[in-house]
Structure formats: structure tokens, C-alpha cells
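Taking it in order: structure first as C-alpha cells, then the write-up.
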Amino acid sequence: MMKLRIAIQKSGRLHDDSIKLLKECGIDINNGVNKLKTEASNFPLEVFFLRDDDIPQYVEDGVADIGIVGENVILEKNRPVKVAEKLGFGKCRLSLAVPKSVEYNGVKDMDKLRIATSYPVILDNFLKEHGISAEIHEISGSVEIAPGIGLADAICDLVSSGSTLFMNGLKEVEVILKSEAALITNGNLTAEQEALLKKLLFRIQAVKKAKN
Ligand code: PRT
Ligand code: ZN
């Protein structure tokens, strides 16, 4: 395999910054709308556009050699992929939040509560680590409305500015994970691909250094 295949988010919060990073690395790609894949004109790189949730699996399976995805997704999907480099964008935290009127004295207060989340794996690990038995309600979106409609007592969701929590009458009480976008890879690259990855990582590191 002569080329390196990278999976990035098709649309969403990581899409633009992923494209921008490649551009800053001097890689020209034309990302027409609704394309599933494209090729760089001046680097042996093929780009696949995917849902972020699918990226760890695609990289594990070798459909793509590398990918850009949030650490939150890497940990939730729990696939055997390696983080080659943290990328410094897509920063957020996965936190526990409760209605702002609720008194909170520590993580033990979560015992026996119903917690709504899209991150059941990470949450379950966190609760087990703290010896807490809570009921995890997995929901795929709009987690922050769950307490208001009586579906849950607390939520575990991504937070960046905090304004979504605020607008829903919730307060952040515990940070479970700090996350940013990362470049992941599998262990099955050919020597040629490893050399390309090394070149790409070298450029990414230079871009990051220039920003500090
Ligand atoms: O369609 P696809 O499945 O690819 O995308 P998606 O909808 O699952 O993900 P997307 O595009 O929303 O987020 C992609 C990644 O961006 C996440 O996996 C995180 O790694 C990262 N990221 C960074 C965030 C946020 N910040 C963020 N604030 N992802 C989501 N949010 C949401 C959060 O869930 C909540 O609804 O934004 C809201 C909170 O934001 P604040 O600013 O109000 O606190
Ligand atoms: Zn997603």
C-alpha cells in the first residue's frame, strides 16, 4: 500500500479543524460537499469522511490507517487503537451535572441516582472506580434535557463553554475526563506507511510548535 488513508469526521465539530490541520501541514485536499473520500494532490494521502463514532473501528479494522477523533470517543468505543499525537483542538470535558437546586457534596451523592448519558462505558468505569451504584440511562442525544423531563436525576455529558448546562438549569459537579482531538493509528502499517506517518507527525508537531 503506497498511500496513507486517514479517516476524519464528515461534518461536525472536528471537521473544519481536521481539514485545517492537514492544510497547515501543507497538504492540499479538495473536500467537496457530500464526498465520501478524496485524495491529496501533493501527499500520498487518501481522506475518508465518516461519522466520528465509526472512526476507531475503521482504524482498528484497517479500512483506514489513521484517524482524527476525540479522546472521549476513543475511550468510549474502547477499540485497540494507539494515540499517536494529541492535536490541541476539539477540547472539552466529560462531566457530571445535576439540577442547580440540588445540593452536591461529592461523588458519593450519585449513589442510587439515575444518570442519563451517551457515554455509558466511560461513566460505568468511573462509577465502579468510586464504588457507586447508579442507574445508567443511555440516550443518544439531547442528554441535557433528561433531568427537566423527569427521565434522570443527573447527566454525564460533554461540556465546553458550559452554556448548554446553564440554559437547562444544570450545574457541573464533577469532571470525569478531559478530552481533545487525537490522531489514532493501528499497529498494522507497512514500513512505507510508517514512513509517511512519521512525515505527517513531524509536520503536525511543527504546526503545533508554531502555535505555542
Ligand atoms: O455526526 P457525528 O457522529 O460525526 O458527530 P457528533 O454529533 O457525534 O459529534 P460532534 O460533531 O457534536 O462532536 C464531535 C467531537 O467534538 C466530540 O466527540 C468531542 O470530542 C468534541 N467536542 C468538543 C464536543 C464539544 N466540544 C461540545 N461542546 N462535542 C460535543 N459538544 C456538545 C455537548 O454534547 C453539549 O451538547 O456541546 C454541548 C455543550 O457545549 P457548551 O459549549 O454549551 O458547554
Ligand atoms: Zn458522533
Self-check item: Mean ellipticity per residue at 222 nm, deg cm²/dmol - from DSSP H runs of n ≥ 4 across the chain, formula -39500 (n - 2.57)
Solution: -8500 deg cm²/dmol
Quiz item: Rounded to the nearest 20 Debye, what is the dipole magnitude of the range 60-112 about its Cα centre when Lys and Arg each give +1 and Asp and Glu each give -1 at the C-beta?
Solution: 200 debye
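Treat the count of other C-beta atoms within 10 Å as a stand-in for reagent exposure and order C92, C156 from fewest to most. Present the calculation step by step, with values, prior to reporting the outcome.
On the way: C92 19, C156 27.
Lowest count first: C92, C156.
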Quiz item: How long is the chain along each principal axis, judged by its Cα atoms, biggest number first, in Å?
Solution: 57, 34, 30
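With the cut-off at 1.5 for a/c, could you classify the range 92-179 from its C-alpha gyration tensor as rounded, prolate or oblate? Could you put the intermediate results ahead of the total?
Details: a/c = 1.30, a/b = 1.20, b/c = 1.08.
Verdict is rounded for the range 92-179.
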Quiz item: Counting Lys and Arg as +1 and Asp and Glu as -1, each charge on the Cβ, what is the dipole of the range 92-179 about the Cα centre in debye, to the nearest 20?
Solution: 140 debye
Quiz item: So for the chain, taking the charge dipole from beta-carbon charges (+1 Lys/Arg, -1 Asp/Glu), which of S140, F48, N72 sits furthest toward the positive end?
Solution: F48
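All of the numbers you see were taken from the coordinates with simple rules; none came from a lab. It should be emphasised that the depicted structure is a prediction, and the values quoted were computed from it without experimental measurement. Backbone-built Cβ (ideal geometry, glycine too); neighbour counts: all protein chains shown.
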